[in-house]
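The values are calculated or read from the model by the stated rules, or taken from the named source; none is laboratory data. As the structure is a prediction and not an experimental result, all values here were calculated from the model. Don't worry about glycine lacking a Cβ; one is built from the backbone with ideal geometry, like all the others, and counts go over all protein chains shown. All accessible areas refer to the heavy atoms of the entire protein, side chains included, with ligands and DNA or RNA removed. Shrake-Rupley method; radii C 1.70, N 1.55, O 1.52, S 1.80 Å.
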Amino acid sequence: MRDRSSRPGSGRSRLLCLLGLALTIPSLVAIAPVRAAAAEPTAQRPEIATFAGQPVADQPLKVAQQPFAVASSGRYTYIADPVNHVVRLLLDQTEFAFAGNGGFSVEGDGGDPKQAQVAGAYAVAPGRVSRVGLQVTGFEVYVADTFGHKIRRVTVEIPPVDSQAGTPTASITTIAGTGAFGFSGDGGPAATATLNSPYGVAWDALSGTVYVADTLNNRIRAIAPDGTISTLIGPGAARTALQIGLSQPRGLAVDASGRLWIADTGNNLIRRYNPGPFFDAAHGYSQAGGFVERVAGDGNAGYLDGVPAAQARLRQPTGMALDGQGNLYIADTGNNVIREIKGGNITTVAGNGTAAYGGEDGPATQASLSSPFGVAVRDDGDILIADTGNSYLRLVDAVTDADGSHHIHRLAGNGTPSFAGDLHAPADVQLAGPSAIVTRTSAIPGISPNAPQTAGVRYIADTFNHAIRWFTTGGTVQTLAGAGGVPGGQSTDTNRASHLSYPMGVALDASGSKLYVADTFNNQIRLVDLRTNAVSIFAGNRDGQSGSGGDGGPATSAQLSFPTGVAVDPAGDVFIADAYNARIRKVDLRGTITTVAGSGVLGYTGDGGDARKAELYFPYGVAVDPSQPSALYITDSFNHRVRRVDPNGTISTVAGDGTPDFSDGVAATSAHLDRPWSTAVDAGSLYVADFLNNRVRRVDRSSQVISTTAGIGTPGLQGDLGKADQAEVDGPHGVEAIGNTGALLVADAFNDRVRWVGLTQTGTRASP
């Protein structure tokens, strides 16, 4: 048996969507892979490789991102993008991943930061910089890996220009946090302490201390240069004067005097820790052990500007930054503005208070921002704004324009959180939680059956980008349907103007001319005519109203409830996994909809009887047996089973015993599955995307024995370009069998990738 702990929830929109579908999220804690009870590998073990998807590197305005924090150090601009699980680096006219490979896990310490996984970086802060003359020979960057409950450090070393040998090196390591959330460890090594969603980090150049906003512990913690951690401010602080009540502190900044500025977000305050010892004129006495003072906000949420900072009102202030003169800039998130404290007074320097996007290239104070979470100041005085709600990084010029005002401009981002890469090769496209993939392929002449390289067209349900994307072998990715990155409910528009909302399933008809899309949150099945690219409603009423009615009538007048899967048999009948209705429904060639499995009651009953009287529990997937077109396979997800409906309408269980766990190498009906998401069938195998087990499983249709094809049970991306049964996957949703070649395509949702699983790596990657 394996660790059954649960992954802490995140703020990422895709996870909120999944929670809306009653899913649970597995553990993020980094643990050793568990292979207990796994089946013995076969003689020819499939290999795994990324086929499509990774963080995009491109011109900054073409790279999708949702910045939550920004930091500046010389020519380098760092952007914390937790939505895409990376820290980005903006350098001149190029942006690329500095830390994180886009996978939703925590791993890779000791290696290249670009190949590591950073679960959710909400804050980033420059640290030590070393120089030989004018040349930078090394630097450090600190990352608050909020979802992983860790503080991580990236160290870069650059050989001097006159060095005879050596190349630049970079590595990432954890300096605080075990990965479990909680509070412990004060007085000991920071790496063995526990944190709870740290949203802020800052480095003090004078003392070498790393400060951490341990947000959900309502504390500020300090990591000394020797690695020891302690509570500086909040419950358990060493001095009574520092045991003040913080409320979810987030942003941190350290000034040239070593004073720590704190965004006390929940209390709507900016506080300042003065470390001492020094004589504090305001308080009239020497401070030997430091104290905390309120510098901005009166504690009430609101907006009051142009007054002494202590009399002002803020609303959930988050990020902060100091300029070279000691002026403080605040991302006043709830007020949708950036504010400055200068000479003790507070004013607004960007944003008009309206949560919107507008005012580009005009005066910054007349522009609209949306929930700005981060702010930074460059050496030249330009202000960088993480305009989070608008998915842009914006810049306010330090110099004034002809009209006497400071103007604002877009600096990075394309206006969507994660939709980028059209007209790029598949391996260079940015996906977001892909849930399904379907392919129309043909074998390449001269390729051995033992090395099944296939050509064709692939269609991806790019779920959290609200789009269907496609590409051909050797071609570039394009958007077929959906306004990428923008959800909606428009029903009959064509091509990209047709808004989709979290599409989770795709299927092709036998001719390859019709693509069916499970438009999940619109409660519809959409039809894309691949000859014209026209998009229309195939099933579900025009308004997208959720319900269960309509059987026996036109499919376009029926009601669906969160359809998540779709399949087509050779005759052209379309089967729908009507998940929240606990039914499988069929639309025949006349357009009439009926129920073929499921009584509409959530539960598990009915094996051996009429499938229409059986109980299902959130059936997420449906697949057609190509050798017996009338036989259906149902992924009965919350029953932790795969069930089959025979041509005579009888239902039975073919995999899973109902126990949400993992066991392998046994009869499939005795094995444990954990929230299986979908299945695929070829002549000899039934493949199962075993979602919460982080594996792809195979049932041999002759012996009925189940084994693991890909995944080791821990979420991550380690092992890519290696043996599939020794590699990680993370929340696999979709699986597609490539004919009868034995090769698969896997929608590896939380890695934001499509992965190839096959007997060779030859031809797996769509670009070098």
Roughly how much of D226 is accessible, in Å² to the nearest 10, using a 1.4 Å probe? 120
Got a sec? What order do V696, V624 fall in by accessible area at 1.4 Å, biggest, i.e. largest, first? V624, V696
Rounded to the nearest whole Å², what accessible area per residue is found for region 344-482 with the 1.4 Å probe? 34
Can you give the relative contact order of the chain as a percent, counting alpha carbon pairs under 8 Å and 6+ residues apart? 10
Taking all protein chains in place and a 1.4 Å probe, what share, in percent, of the accessible surface of the chain do carbon and sulfur account for? 50
If you average the alpha carbon positions of region 115-194 and of region 543-567, how far apart do those two centres end up, in angstrom? 51
State the Cα centre-to-centre distance between region 295-353 and region 355-378 in whole Å. 14
Using alpha carbon centers only, region 47-99 is separated from region 628-670 by a whole-angstrom value of 42
Residues whose placed amide H lies under 5 Å from that of R219, excluding near-sequence neighbours: D214
When only the heavy atoms of the protein chains count and the probe is 1.4 Å, how do D610, D551 rank by accessible area, highest first? D551, D610
Starting from the Cα coordinates of region 544-666, work out the convex hull volume and express it per residue in Å³. 102
For V754, solvent-accessible area (1.4 Å; no DNA, RNA or ligand), Å²: 0
Of the candidate values [x] 1.23; [y] 1.01; [z] 1.49, the one computed for Rg/Rh (Cα atoms, Kirkwood Rh) from this structure is [y]
Which of rounded, prolate, oblate describes region 556-604, given a ≥ b ≥ c as roots of the alpha-carbon gyration tensor eigenvalues and a/c under 1.5 marking rounded, otherwise prolate only if a/b is larger than b/c? prolate
May I ask you to give the solvent-accessible area per residue for region 186-343, in square angstrom, as obtained with a 1.4 angstrom probe? 38
Could you order T50, T347, T532 by accessible surface area, starting with the largest, using a probe radius of 1.4 Å? T532, T347, T50
Hey, which aspartates and glutamates would be in cross-link range of K150, C-alpha to C-alpha under 14 Å, not counting anything within fewer than 8 residues on its own chain? E107, D109, D214
Could you tell me whether region 332-422 comes out rounded, prolate or oblate from its Cα gyration tensor? Rule is a ≥ b ≥ c as square roots of the eigenvalues, rounded for a/c under 1.5, then prolate if a/b exceeds b/c, otherwise oblate. prolate
Send over a whole-number figure in Å² for the accessible area per residue of region 79-132, probe 1.4 Å. 28
Go ahead and estimate [θ] at 222 nm for the chain from helices alone: -39,500 (n - 2.57) per DSSP H run with n ≥ 4, summed, over the residue count, rounded to 500. -500 deg cm²/dmol
Under 13 Å from a point placed 7 Å out from the Cα of S670 along the Cα-to-Cβ direction: which residues of region 701-733 have their backbone N that close? 704-706
For the chain, what proportion of DSSP beta bridges, expressed in % and rounded to the nearest 5, is antiparallel? 95
